[in-house]
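Working notes, structure below.
Read-outs: derived from the displayed coordinates by stated rules, not from any lab. Keep in mind that what you see is a predicted model, and the values were worked out from it rather than measured. So basically every Cβ, Gly included, is an ideal-geometry build from the backbone, and we count neighbours across all protein chains shown.
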Amino acid sequence: MTSTTGLTLRPAVWAGSLALLALIIYSMTLSPTVSFIDGGELAAVTTTLGIAHPTGYPLFTLLGCIVAHLPVGANEVFRLNAMAAVCCAGAVFLMFLCAHQIVVLAAKRMMISHPPPPVLLLLSAATGTALLAFSETFWAQSVAVEVYSLHLLLIGATLLLVFRARDTRSVRLWYAAAFLLGLSFANHMTTVLVVPGVLYFYYMDGPQGRARWTVMAGAFGFFLLGLTPYLYLPIRAAQMPVMDWGHPVTWDRFIAHLSGKQYRVWIFSSTEVAARQFSRFVSSVPGEFVIVGLVLAAAGLVVLWRAHRRTAVGTMLLFAFCLLYAVNYDIHDIESYFLLAYVCIAFWSACGALAGLVWWHHTVGRGLVWVIAPAVLVAALPVVAHYRNVDDSRNFLVEDYTHNMFASLDSGAVVLSYQWDYWVSAAQYYQLVRRERPDIAVIDKELLRRSWYYGELESRYPWLIRASRAEVDAFLRELYKFEHDIPYAPEMIEGRYAAMIRSFIAKSMAAHPVYVTGEIEPQYTSGFRRVPSGLAFRLFSGDTGTTAVRLPDFHIRPFARNGRLEDFVWQLYAGSFSAIGEQFRRNGDSLKAMEAFARGARLRMKDVSDSASPFHP
């Protein structure tokens with residue numbers, strides 16, 4: 001064997017090649033700007049070294065801060081998006097090595113007359129890993145800033161060390177795996193779903209006898225060392241950063257933040273939720289793995305069960321605990337919580353690909369090209385199937401919507417909203433990092449239900465809290481009972497909550513224009529009149545104030561892909577023109593009303609093609 005041939009059969013070379021290919025494709029689909037949901041908040045938190053929403057993600061924040069301040073790239077959010085692509089490509093590298101170790105175990109015990117050539121093991125691992133790397137949900141983590149990209153990298157590294165520790169019986173590798181497990185917890189608490197599988201592998205294949213407990217005690221110490229990034233939360237919160245979600249400076253606040261206490265109401269809430277989310281998983285898996293991957297996984301699990309039952313059981317534990325948790329979490333964007341299950345399916349797919357390639361190799365012929373061709377075809381299927389659905393390279397919807405919202409608000413405006421997914425999160429990045437429209441006070445109506453938020457509001461807008469101090473204190477007294485599990489009267493807390501919001505509105509009007517977005521419920525603005533102003537509604541007291549409206553000059557770059565979040569942005573635009581049209585109609589201007597309704601109808605169809613329209617870029 002020549003040195004070149006030996007090099008090409010090294011798993012690390014194949015892993016690096018596949019990771020590089022993935023990185024190139026991820027880069028082609030990379031978002032150039034801020035994205036939906038938490039993208040703006042995470043970009044602002046990492047850039048300003050703040051505290052993110054629970055569970056805080058301290059490791060991600062610290063690493064993201066370094067990346068955000070690198071002197072490369074267009075801006076901070078683009079660098080962080082690129083960080084996501086690099087982390088996912090790194091995860092591809094590690095997942096390949098994990099898959100290769102699994103197919104090696106399967107091949108040693110497969111019921112075949114001759115051991116498969118090494119290239120078949122590599123092709124099998126590459127096939128399973130490519131099905132994962134270009135599955136829609138995995139790929140989606142690479143295009144924009146999110147904590148799951150780093151989560152996948154750390155999980156891949158942890159599993160690889162576990163597999164190698166059990167194969168080599170190395171105590172040092174068990175310690176390293178425990179440390180990485182702790183680091184992974186310091187990034188995302190769903191790392192807990194990996195623990196049952198890791199403990200099973202350790203119990204079955206780790207040190208035996210008394211050494212088992214001695215090594216476990218040492219590993220626990222390294223695990224705790226990996227958790228040390230969580231010290232960042234109370235230390236940084238004590239310095240009063242501009243973004244200070246939860247303000248975790250006390251033990252109670254720290255534990256509540258770390259454990260995601262505010263989200264518990266959505267976890268294990270009902271069998272109806274579990275059935276609905278399980279249905280989503282079942283319906284999504286064939287598409288994620290373009291059907292053929294699922295077929296390979298089913299066959300591969302059988303192969304693995306027969307060949308190396310301990311590995312089969314361990315991966316099944318990883319899969320089962322992931323699914324058990326995810327289907328009992330009542331949120332819209334649940335797909336990212338299925339990622340560990342998808343990783344297991346990829347490992348099984350690699351084993352299924354091994355069985356298929358071995359059969360193909362012995363049945364069709366021994367020529368290498370005849371073996372490579374089907375593997376490449378299977379690996380290419382998810383790229384073709386998912387490219388359009390994942391491609392965010394021209395997705396400026398959130399950036400445009402945020403700027404159009406800013407343009408809807410007069411100087412010094414106060415705006416009450418809970419459009420977190422579409423602009424409130426993004427506004428934090430643009431206001432705090434890019435210094436755009438710092439004159440606007442953006443108040444998240446739902447965060448007003450959390451006591452820590454008032455410290456942040458008082459820091460940013462002291463005049464707002466000062467003017468309504470009596471109403472704020474009255475509400476916080478009731479909120480304290482709710483947050484500390486003390487009996488409270490729901491009608492009392494809701495009444496004081498509504499009174500406080502109306503106080504914010506009324507007392508701000510003397511010096512500031514006040515706005516709400518359309519989803520704010522009527523009971524919070526009773527006594528005030530709503531007049532449409534672009535994407536928001538300006539509030540006026542009683543029957544006073546102007547009712548004049550104008551057709552807004554929105555700047556929207558076309559992006560016609562369907563999706564829950566994308567579709568709703570277009571509905572928000574269309575709804576704004578409908579509200580403006582209704583106001584024109586009430587004012588007796590039927591021509592302007594018809595024009596507004598027509599523009600709303602076109603936007604509902606995602607049509608920005610008419611160059612004469614004011615919302616054409």
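So how tilted is helix 58-68 from the main axis of the chain? Cα-based, degrees 0 to 90, rounded to 10.
With rounding to tens, the tilt is 80 degrees.
Can you work out the FRET efficiency for the pair His484 and Glu436, with r the C-beta to C-beta distance and R0 = 35 Å, to the nearest 0.05?
Computed FRET efficiency for His484 and Glu436 comes out at 0.35.
Take each of the peptides 133-140, 19-26, average the number of other beta-carbon atoms within 10 Å over its residues, and list them starting from the highest.
For the peptides 133-140, 19-26, the packing ranking is 133-140, 19-26.
Please give, to one decimal in nm, the separation of the simple spin-label points placed at Ala217 and Leu9, each 7 Å out from Cα toward the Cβ.
So the two model labels end up 4.6 nm from each other.
Of Val171, Cys351, Thr517, which is farthest along the charge dipole of the chain in the positive direction, counting Lys and Arg as +1 and Asp and Glu as -1 at C-beta?
Result: Val171.
How large is ³J(HN,Hα), in whole Hz, for each residue of the range 443-451 in order, when computed from phi with the Karplus curve 6.51 cos²θ - 1.76 cosθ + 1.60 and θ = phi - 60°, using x for Gly and Pro?
With the stated coefficients, the range 443-451 comes to 10, 7, 4, 6, 5, 5, 8, 10, 5 Hz.
In nm, to one decimal, how far is the modelled label at Leu70 from the one at Arg529, with both set 7 Å along Cα→Cβ?
Placing both labels 7 Å beyond Cα along the Cβ direction yields 5.5 nm.
For a quick check: with amide H placed at 1.01 Å from N, whose amide H comes under 5 Å from Tyr329's, ignoring anything fewer than 5 positions away on the same chain?
Placed amide hydrogens put Phe268 under 5 Å from Tyr329.
Collect residues whose amide H, placed 1.01 Å from N in the peptide plane, falls under 5 Å from the amide H of Ile51; neighbours closer than 5 in sequence don't count.
For Ile51, whose amide H was placed from the backbone, the distant partners under 5 Å are Met243, Asp244, Trp245.
Mind sorting out which of [x] 26; [y] 33; [z] 30 is the real percent of Cα pairs over 41 Å apart computed from the coordinates?
[y]
Taking amide H atoms as placed 1.01 Å from N in the peptide plane, list the residues 5 or more away in sequence, or in a different chain, whose amide H sits under 5 Å from that of Ser541.
The answer is Arg529.
Using Cβ contacts closer than 10 Å as the measure, can you line up Met492, Met405 from fewest to most?
Listed from fewest to most nearby Cβ atoms, that is Met492, Met405.
What do you get for the angle between helix 368-390 and the principal long axis of the chain? Use alpha-carbon atoms, 0 to 90 degrees, nearest ten.
Relative to the chain, helix 368-390 is tipped by roughly 10 degrees.
If we count other beta carbons within 10 Å of each Cβ, what is the order of Asp244, Asp410, Asp330, Asp485, fewest first?
Asp485, Asp410, Asp330, Asp244
Can you compute 3J(HN,Hα) from phi for each residue in the range 498-503, using the Karplus curve 6.51 cos²θ - 1.76 cosθ + 1.60 with θ = phi - 60°, rounded to whole Hz and x for Gly and Pro?
Those phi angles translate into 5, 5, 5, 4, 5, 5 Hz.
Lysines near Lys481 by alpha-carbon distance under 19 Å, same-chain residues fewer than 8 away left out - which ones?
Hits, sequence-local ones excluded: Lys261.
Pop out the ³J(HN,Hα) list for the range 526-531 in order, Karplus 6.51 cos²θ - 1.76 cosθ + 1.60 with θ = phi - 60°, rounded to Hz; leave Gly and Pro as x.
Calculated HN-Hα couplings, in order: 4, x, 10, 9, 9, 10 Hz.
According to the square roots a ≥ b ≥ c of the eigenvalues of the Cα gyration tensor, what is the shape class of the range 190-244, taking rounded for a/c under 1.5, prolate for a/b larger than b/c otherwise, and oblate for the remainder?
It is oblate, given that a/c is not under 1.5 and a/b is not larger than b/c.
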